[in-house]
Amino acid sequence: MNYDKYKVFFDEKYSYIINKFLDNSNVADAIKYSSLNSGKRLRPYIMHEVGCAFGCDLKKLFAFETAIELIHNYSLVHDDMPCMDNDDYRRGKESTHKKFGQNIALLCGDAMLNLSVEILTSLNKNTDMAYNTAMMYLYKMSGNSGMIKGQEMDLYLQNNDVFYCYDEYLKMIIRKTGRLFNAAFVIPLILLERPKSEIKDIVKISNAFSILFQIVDDLKDKTENKTIEKSNILNILCEEEINSKLKKISAYIDYKLKNNEFLHKSKIGEIKDYCLKN
Ligand code: GRG
């Protein structure tokens, strides 16, 4: 399925499922406001594409596609709050705490994380060990040793006068941005109980993808005249060096995809090119 078709397909099902779980409340309204009808849906699309390439059960996988997007959305709601990045706008509209207040935004993020578990445990009944392992992987990647660790590293770098080089940047990015992409790439293989060697190879592609994605995102801060934060790559390398890194990472991803028995015909290369251009 191409990206535009997938987005329509995903948004329709995602919205239906989320609405089914929500009551009438401010927190429910904040969840709808922050997670429906917006966002690029890259993580679920990657998961779907990898799942299709490897022959995954798409019904089981869809629960994970929904869960990963909810986790991503919760992280953005919390990331925008004054105690974190303090952003007033997200996806072209007021950020959730600006619209609903900090207390509701905090609860909205917490509720989205919980909702992701509720959805995973109720959409698919009679699940097997592989399903449980995939769930464990998802929450390890998003949790304290994964995405949250990356955010903590980012905060430390922002708030302390420490030497900050490209290697430190990579360590932080691989966690903050990369762990959720790891989950998007790897979960279909866990569900299919593919061998560890294959998973290791996908993690390499996924790490390279995350670095490319985050570097492009950092560069946008300059073109959009936003404050360049201390942990932005623009504070570490000059633009010429950054562009040369991007070229190398992109070529590496192309090489790895070309040589992967399952992914060589997938749309992952197109998603990477889309990220480079947008
Ligand atoms: C638990 C208090 C608390 C906070 C969690 C972990 C965390 C805060 C935030 C990390 C999230 C973050 C800002 C990651 C950076 C990755 C990034 C550039 C996200 C934007 O992703 P896109 O471009 O967003 O895919 P859309 O809007 O398209 O979904």
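The values are calculated or read from the model by the stated rules, or taken from the named source; none is laboratory data. Please read these numbers as outputs of a predicted model, since none were measured by experiment. Cβ coordinates were reconstructed from backbone atoms using ideal geometry, including for glycine residues, and neighbour counts include every protein chain displayed.
Contact map, region 97-121: first residue within 10 Å of A30 (Cα to Cα), second residue loosely packed, with under 15 Cβ neighbours inside 10 Å and not aliphatic (A, V, I, L, M), Cβ cut-off under 8 Å, separation 6 or more or different chains; pairs are H97/P82; K99/K93; F100/N26; I104/N26.
Candidates I228, I215, I242, I249: the one that is in a loop (DSSP other than H, G, I, E, B) and either over 30 Å from A130 (Cα atoms) or at pLDDT below 95 (or both) is I228. Elements of the type helices (runs of 4 or more DSSP H) sitting completely within region 22-105 and holding at least 2 residues that are within 23 Å of M141 (Cα to Cα) and not polar (S, T, N, Q): these cover 42-54, 58-79. Of all residues in region 252-267, which are in a helix (DSSP H, G or I) and free of Cβ contacts under 8 Å to residues at least 12 places away in the same chain? Y255, K258, H264, listed by residue number.
All of I215, I173, I211, I187 fail the test of being away from the ligand (no atom under 16 Å from the Cβ), surrounded by 21 or more Cβ atoms within 10 Å (Cβ to Cβ) and under 30 Å from G92 (Cβ atoms), apart from I187. Evaluation of C165 against the conditions (1) touching a helix residue (DSSP H, G or I) at 6+ places or on another chain (Cβ under 8 Å); (2) touching a residue at least 60 places away in the same chain (Cβ under 8 Å); (3) more than 11 Å from the ligand (Cβ to nearest atom) shows that the sole unmet condition is (1).
This table checks each residue for (1) out of contact with any Gly (no Cβ under 6 Å at 6 or more places or on another chain); (2) farther than 30 Å from C238 by Cβ.
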site: K99; (1), (2): yes, yes
site: I104; (1), (2): yes, yes
site: C108; (1), (2): yes, yes
site: C165; (1), (2): yes, no
site: E168; (1), (2): yes, no
site: R175; (1), (2): no, no
site: L180; (1), (2): yes, no
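How many residues, within region 196-207, are of a type in the set (G, A, S) and surrounded by fewer than 19 Cβ atoms within 10 Å (Cβ to Cβ)? Selection size over region 196-207: 1.
Just checking: which of the helices (runs of 4 or more DSSP H) contained wholly in region 138-211 hold 2 or more residues that are more than 20 Å from K245 (Cβ to Cβ)? Once the helices (runs of 4 or more DSSP H) in region 138-211 are filtered for at least 2 residues that are more than 20 Å from K245 (Cβ to Cβ), what remains is 147-159, 178-191. Taking region 27-80 as the range and being within 17 Å of Y6 (Cα to Cα), within 16 Å of the ligand (Cβ to nearest atom) and small (G, A, S) as the test, the residues that pass are S35, S38, G39, A67. For C83, the conditions (1) within 8 Å of the ligand (Cβ to nearest atom); (2) in contact (Cβ under 8 Å) with a residue 40 or more places away in the chain; (3) more than 18 Å from F10 (Cβ to Cβ) are fulfilled apart from (2). Could you tell me whether K93 is more than 14 Å from the ligand (Cβ to nearest atom) and among the basic types (K, R)? So K93 does not fit the description; no.
Among the residues examined, K125 does not qualify as of a type in the set (D, E, K, R), free of Cβ contacts under 8 Å to residues at least 40 places away in the same chain, within 16 Å of the ligand (Cβ to nearest atom) and surrounded by fewer than 16 Cβ atoms within 10 Å (Cβ to Cβ).
Determine whether A28 is crowded, with 20+ Cβ neighbours inside 10 Å and either more than 30 Å from N159 (Cβ to Cβ) or under 18 Å from the mean Cα position of the chain (by Cα) (or both). When the stated conditions are applied, A28 does not pass them.
This table checks each residue for (1) within 20 Å of the chain's Cα centre (by Cα); (2) closer than 24 Å to A183 by Cα; (3) surrounded by 13 or more Cβ atoms within 10 Å (Cβ to Cβ).
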{"position": "D57", "(1), (2), (3)": "no, yes, yes"}
{"position": "V77", "(1), (2), (3)": "yes, yes, yes"}
{"position": "K98", "(1), (2), (3)": "no, no, yes"}
{"position": "G143", "(1), (2), (3)": "yes, yes, yes"}
